[in-house]
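Participant: Submitted below is the structure of interest, expressed as structure tokens.
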Amino acid sequence: MADQRVALVTGGAKGIGLGVAQRLLRDGWRVVAADPEKPPAGLAVRHVAADVSQEAAVRALVGGIAQQEGRLDALVSNAGFMIRKPIRDLALAEWNAVLGTNLTATFLLVREAEAMLRAAKGAVVTVASTRAHQSEANTESYSASKGGLLALTHALAISLGPDVRVNCVSPGWIDTKGEALRPEDHAQHPAGRVGRPEDIAALVAWLVGPEAGFVTGAEFVIDGGMTRKMIYAE
Ligand SMILES: NC(=O)c1ccc[n+]([C@@H]2O[C@H](COP(=O)([O-])OP(=O)(O)OC[C@H]3O[C@@H](n4cnc5c(N)ncnc54)[C@H](O)[C@@H]3O)[C@@H](O)[C@H]2O)c1
């Protein structure tokens, strides 16, 4: 249907990206999920097996959307991963791989998709992390990539406005694997629980929709209040 809005969700096969894809499908969007992994059977997305850190793959992915969907209203740049290693053991190739997926991919995707996003008066949502602002030990590549993504978000908002709004969502702890969580895992959050993919999906759905028309260049921390909590040892 030519008037159906089209969203590209990277890392849409699992976790938060899957939650976003499911939510946008429910809201009536056509969804293209770019992920080397397969989404669950029966999910009504068009799946493209693409590694979005690779320039040629991004070119083919966005070119395919131009050909098959003919429009792009929203890009949800969500694909990301973490390597936890002491910096002395972190290989340059590992650093570059984290930066490639978590930061460079958004540059590649927006560069390729700019014309379609402008034509649609569309929106971009990047998925950073509260780790753009605070850290545990041995997470240098991840934190640096997310801090970079946050800055890339506001740079893009200025360059692509007023046609395209660009915002960043920074999740805290989101349970994507259905882990056995302890009562204290939930209780330490001011909101009283660990987050779920649907929490992020609801915010993304609002950000790519018409009610967020005055919102661009912004970061939305969605972490159950954890980064607002002052912690001193007793
Ligand atoms: N889960 C959390 O607690 C949490 C917290 C803060 C931020 N985040 C961020 O949210 C995003 C999603 O995380 P998640 O927890 O759902 O992860 P996940 O591992 O459950 O899912 C990530 C998906 O991205 C895909 N992916 C990885 N590299 C890719 C690439 N180069 N190209 C295309 N797809 C790729 C994977 O195959 C996977 O399906 C990431 O950017 C992550 O950094 C997650």
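The values are calculated or read from the model by the stated rules, or taken from the named source; none is laboratory data. On a predicted model such as this, the values are computed, not experimentally measured, just so you know. A quick note on method: Cβ atoms are made from the backbone with ideal geometry, for glycine too, and the neighbour counts reach across all protein chains shown.
Participant: Return the only residue of 89, 73 being of a type in the set (Asp, Glu) and under 26 Å from residue 7 (Cα atoms).
Facilitator: 73
Participant: Taking residue 190 as the residue in question, decide whether it is out of contact with any Ser or Thr (no Cβ under 7 Å at 6 or more places or on another chain) and either under 19 Å from residue 227 (Cβ atoms) or within 16 Å of the ligand (Cβ to nearest atom) (or both).
Facilitator: Considered against the rule, which asks whether it is out of contact with any Ser or Thr (no Cβ under 7 Å at 6 or more places or on another chain) and either under 19 Å from residue 227 (Cβ atoms) or within 16 Å of the ligand (Cβ to nearest atom) (or both), residue 190 comes out as yes.
Participant: Would you mention how many residues in the stretch 1-32 are surrounded by 24 or more Cβ atoms within 10 Å (Cβ to Cβ) and either in contact with a Lys or Arg (Cβ under 7 Å, 6 or more places away or on another chain) or of a type outside the set (A, V, I, L, M) (or both)?
Facilitator: Of the residues in the stretch 1-32, 5 are surrounded by 24 or more Cβ atoms within 10 Å (Cβ to Cβ) and either in contact with a Lys or Arg (Cβ under 7 Å, 6 or more places away or on another chain) or of a type outside the set (A, V, I, L, M) (or both).
Participant: Okay, moving on. Taking residue 153 as the residue in question, decide whether it is in contact (Cβ under 8 Å) with a residue 24 or more places away in the chain, of a type in the set (Ser, Thr, Tyr) and either on the phi > 0 side of the Ramachandran plot or surrounded by fewer than 20 Cβ atoms within 10 Å (Cβ to Cβ) (or both).
Facilitator: It is false that residue 153 is in contact (Cβ under 8 Å) with a residue 24 or more places away in the chain, of a type in the set (Ser, Thr, Tyr) and either on the phi > 0 side of the Ramachandran plot or surrounded by fewer than 20 Cβ atoms within 10 Å (Cβ to Cβ) (or both).
Participant: Let me ask you something else. For residue 199, are the conditions met, namely being closer than 30 Å to residue 162 by Cα, in contact with a Ser or Thr (Cβ under 8 Å, 6 or more places away or on another chain), within 15 Å of the ligand (Cβ to nearest atom) and not β-branched (Val, Ile, Thr)?
Facilitator: Considered against the rule, which asks whether it is closer than 30 Å to residue 162 by Cα, in contact with a Ser or Thr (Cβ under 8 Å, 6 or more places away or on another chain), within 15 Å of the ligand (Cβ to nearest atom) and not β-branched (Val, Ile, Thr), residue 199 comes out as no.
Participant: Now a separate question. Residues in the stretch 116-146 that are within 10 Å of the ligand (Cβ to nearest atom), out of contact with any Ser or Thr (no Cβ under 6 Å at 6 or more places or on another chain) and outside any helix (DSSP H, G or I): how many?
Facilitator: 1
Participant: Let me ask something else. Can you find even one residue in the stretch 113-126 that is more than 24 Å from residue 19 (Cβ to Cβ) and in contact with a Pro (Cβ under 9 Å, 6 or more places away or on another chain)?
Facilitator: Yes, some residue in the stretch 113-126 is more than 24 Å from residue 19 (Cβ to Cβ) and in contact with a Pro (Cβ under 9 Å, 6 or more places away or on another chain).
Participant: State whether the residues of the stretch 129-136 include one that is farther than 27 Å from residue 97 by Cα and touching a residue at least 40 places away in the same chain (Cβ under 8 Å).
Facilitator: Within the stretch 129-136, none of the residues are farther than 27 Å from residue 97 by Cα and touching a residue at least 40 places away in the same chain (Cβ under 8 Å).
Participant: What residue, among those in the stretch 157-180 that are in contact (Cβ under 8 Å) with a residue 24 or more places away in the chain and part of a helix (DSSP H, G or I), is farthest from the ligand (Cβ to nearest atom)?
Facilitator: 158
Participant: Return the only residue of 2, 66 being at pLDDT below 95 and more than 20 Å from residue 142 (Cβ to Cβ).
Facilitator: On inspection, the qualifying residue turns out to be 2.
Participant: How many residues does the stretch 39-93 contain that are over 20 Å from the mean Cα position of the chain (by Cα) and β-branched (Val, Ile, Thr)?
Facilitator: So the answer is 1.
Participant: Spot the failing condition for residue 113; the list is (1) of a type outside the set (Lys, Arg); (2) within 12 Å of the ligand (Cβ to nearest atom); (3) surrounded by 13 or more Cβ atoms within 10 Å (Cβ to Cβ), and only one is missed.
Facilitator: (2)
Participant: Here's something else I'd like to know. Being of a type in the set (Ser, Thr, Tyr) and more than 27 Å from residue 13 (Cβ to Cβ) narrows it down to one residue among 216, 176; which is it?
Facilitator: Going through 216, 176 in turn, just one is of a type in the set (Ser, Thr, Tyr) and more than 27 Å from residue 13 (Cβ to Cβ): 216.
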